[in-house]
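The values are calculated or read from the model by the stated rules, or taken from the named source; none is laboratory data. The shown structure was predicted, so the numbers you read here are calculated from the model rather than taken from an experiment. With ideal geometry, Cβ positions are generated from the backbone for all residues, glycine too; neighbour counts draw on all protein chains shown.
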Amino acid sequence: MNNNQQKTSSRNGTDESDLILGTSLWEDAWKRLRKNNMALASGVILLCLAVLCLLGPVLLGVFLGYDAHTQNLIYGPQPPSIQHPFGTDFYGRDLLTRVLIGAQVSLSVGFLAAMVAAFIGTIYGAVSSYSGGLVDSLMMRIVDILYALPYMFLVIILVTILGKSLLLLFLALGAVGWLLTARVVRGQVMSLKEQDFVLAARSLGTTSRSIIFRHLIPNTLGPVIVTFTLTVPSMILQEAFLSFLGLGVQPPQPSLGSLINDGANQMLVFWWTLVFPGSIMAIMLFALNFLGDGIRDALDPRMKT
Amino acid sequence: MIRILLQRLLELIPTALVIVAASFALVRLAPGSPFSSEREIPPEVRQKLEAKYGFDKPLPEQFIRYLGNLLRGDLGLSTKYPQRTVNEIIANGFPVTLSLAAIALLWSLLVGITAGIIGAIRQNTVWDHVAMTAALVGISVPSFVLGPLLVLTVSLRLHLLPPAGWGDWQHVVLPGLTLGTIYAASIARLTRGGMLEVVRSDFIRTARAKGLSESLIVWRHMLRGGLLPVVSYLGPAVASMLTGSVVVEKIFNVPGIGPYFVDAAFNRDYFLVMGIVLLYAFFLLLMNLVVDVVYGFLDPRVDVS
């Protein structure tokens, strides 16, 4: 059945037809991405950051006995030093440990929320477009209406309904963030569904469900990935936005948003409590945006600006 | 033109109705009630309170009543601030939020379009790279990092501008800058992309062949193409500026509507939450309408109706 989509083959199929094709979309994209030094550097920075976030707190805990929660009020806030490269916070906790754990929370919430958004959006957009007619207009009308609702306010209401737990936070973000993906996928499927391989599949008696999931959605993967990579930084931003307002991750669990909030409240005296979490946040978003731009240019050179 | 506008306004009515119903359902079906505070309220008092706000009636009846009041422009009473109507709270806070967003919008358009033009007409030069890297940095520094940093440097160290408050022009500068920068960066990228899209098109070549001066080509013809993506971005941008001002209002202690919303969502202040959500939603609908019409002016090929 994969023969039907040779031309636009976008899945890493295991059958031989893909091998004969020469360069697939993915190899082509990878070649382009490899030439983009800034995007590659961003990828490396992100990878390092991710490894640091995972291993850093563990190593700091094992070798120096730091942990993110134990308070030491007598020690109090200390400026950056060799023992504490980022200094310590108001309660005498090592700031580096807390920033790393916060970044870990941000990255995972960002990725999970973007995944939830991509999942809902892809299925919604594909089903809407494939159904066509009245169903399509109705489903897209709903998207239009949701677009008109103030996004952040919706998330805030959802957070107050669902409760302030980390697990529900990314569900709430993802539940509201799928609109763009839905529109992108719908646009793609609109043209895909008229192509011969869909007609062929249908004439073989393939069910609509199977056409949508096996033939249409795999072919929209490129744009979906592009949208996904640009959704991740915006989800991270929103998680931090909520945590900054005290609606996201709850203390004593650190998050970059709440660390920045703490830092902002005491920046005049303890500048490091603002500067370090803020810089890590900025570096992370910068790298994600740069990598996202690179992936977009690589997967879809026409979109390059 | 006026007929088209009226027709579009009429089309908004069903959408608006659905938005009212959806937000009513979302707010009212949430667990909890406005009177479930830490202190136990005696049942008789509670009954009286519920009767006062009409919460003792069945939900459909409450919805009809709310719609009726809405048509008369009455948004109901706040349960958190029993002495004030929702209309009063909005009338006090919304103009502040709106003017903050207006300043941010002006700033972002001014800086964004200028940077975009420089990037486009000096494509692939140092100017271009500097402008676009600056834009990417701008996108990556969130308002809740930029705001406190500006307060720390400009207000507390250099004593140039007041760190917080609201009243005269000096209070507007930093919040406006904080709120607008991220959009300035996006607008710069969009302007540059839009202009580069048309730079090789036939009508530009025709203009050159006619012997038009280079500045006339840039200002009259290229900029028009460059502004198209910016105009369609303005709808969502203004939307997220208005909601994003929640954080900026918190940082700079600006008496806008933002803090009320977060509070209201937590206290299940039904009418206040609904009032603010609807206000924003209708504002957005109107904004999108304006954007569509302006788009039609800029690009005569687009059919506004």
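Odds and ends about this structure:
Quick grid of which residues meet (1) out of contact with any Asp or Glu (no Cβ under 8 Å at 6 or more places or on another chain); (2) closer than 25 Å to A:F244 by Cβ:
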position	(1), (2)
B:N87	no, no
B:T97	no, yes
B:A135	yes, yes
B:V145	yes, yes
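- For the condition among the hydrophobic types (A, V, I, L, M, F, W, C), crowded, with 16+ Cβ neighbours inside 10 Å and free of Cβ contacts under 8 Å to residues at least 60 places away in the same chain, B:L71 does not qualify.
- Restricting attention to region B:174-221, the residues being assigned to a helix (DSSP H, G or I) and surrounded by fewer than 17 Cβ atoms within 10 Å (Cβ to Cβ) number 13.
- Condition check for B:A51: more than 28 Å from the chain's Cα centre (by Cα), without any contact (Cβ under 8 Å) to a residue 24 or more places away in the chain and exposed (fewer than 15 other Cβ atoms within 10 Å of the Cβ): yes
- Scoring B:G76 on the criteria (1) of a type outside the set (S, T, Y); (2) crowded, with 18+ Cβ neighbours inside 10 Å; (3) within 22 Å of the chain's Cα centre (by Cα) leaves a single failure, condition (3).
- Residue check for A:L247: touching a Lys or Arg at 6+ places or on another chain (Cβ under 8 Å) and on the phi < 0 side of the Ramachandran plot: yes
- Which listed residue is farther than 30 Å from B:A164 by Cβ and within 11 Å of another protein chain (Cβ to nearest Cβ), from A:L221, A:L230: A:L230
- For B:Y81: the one exception among (1) more than 24 Å from B:A237 (Cα to Cα); (2) modelled with pLDDT of 80 or more: (2)
- Hey, B:A281 surrounded by 22 or more Cβ atoms within 10 Å (Cβ to Cβ), modelled with pLDDT under 80, facing chain A (nearest Cβ under 10 Å) and part of a helix (DSSP H, G or I) or not: no
- Some residue of region B:247-255 being closer than 30 Å to B:K52 by Cβ and more than 9 Å from chain A (Cβ to nearest Cβ): yes
- Within region A:249-278, residues that are within 7 Å of chain B (Cβ to nearest Cβ) and surrounded by fewer than 24 Cβ atoms within 10 Å (Cβ to Cβ) reach partners that are of a type in the set (S, T, Y) and part of a helix (DSSP H, G or I) with beta carbons closer than 9 Å, at six or more positions or on different chains, in the pairs A:A264/A:T273; A:M267/A:T273.
- Residue in region B:159-173 that is under 20 Å from A:L245 (Cβ atoms) and part of a helix (DSSP H, G or I) present: no
- Answer residue from region B:262-278, given it is part of a helix (DSSP H, G or I) and at the interface with chain A (Cβ under 9 Å from one of its Cβ atoms) and is surrounded by the fewest Cβ atoms within 10 Å (Cβ to Cβ) among those: B:F266
- Annotation note: of B:V154, B:V141, B:V145, the sole residue that is modelled with pLDDT under 80, within 14 Å of chain A (Cβ to nearest Cβ), farther than 18 Å from B:Y270 by Cα and crowded, with 17+ Cβ neighbours inside 10 Å is B:V154.
Residues checked against (1) under 30 Å from A:N265 (Cα atoms); (2) assigned to a helix (DSSP H, G or I); (3) touching a His at 6+ places or on another chain (Cβ under 8 Å); (4) not β-branched (V, I, T):
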| site | (1), (2), (3), (4) |
| --- | --- |
| B:Y66 | no, yes, no, yes |
| B:Y81 | yes, no, no, yes |
| B:A91 | yes, yes, no, yes |
| B:I118 | no, yes, no, no |
| B:V151 | yes, yes, no, no |
| B:S155 | yes, yes, no, yes |
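- Odd one out for A:A172 among (1) within 29 Å of A:S255 (Cβ to Cβ); (2) surrounded by fewer than 22 Cβ atoms within 10 Å (Cβ to Cβ); (3) of a type in the set (G, A, S): (2)
- Looking across region A:235-248, the residues that are crowded, with 24+ Cβ neighbours inside 10 Å, of a type in the set (G, A, S) and either more than 21 Å from the chain's Cα centre (by Cα) or assigned to a helix (DSSP H, G or I) (or both) come down to A:A240, A:S243.
- Matching residues, region A:139-169, being away from chain B (no Cβ under 11 Å) and farther than 24 Å from A:I225 by Cα: A:S165, A:L166
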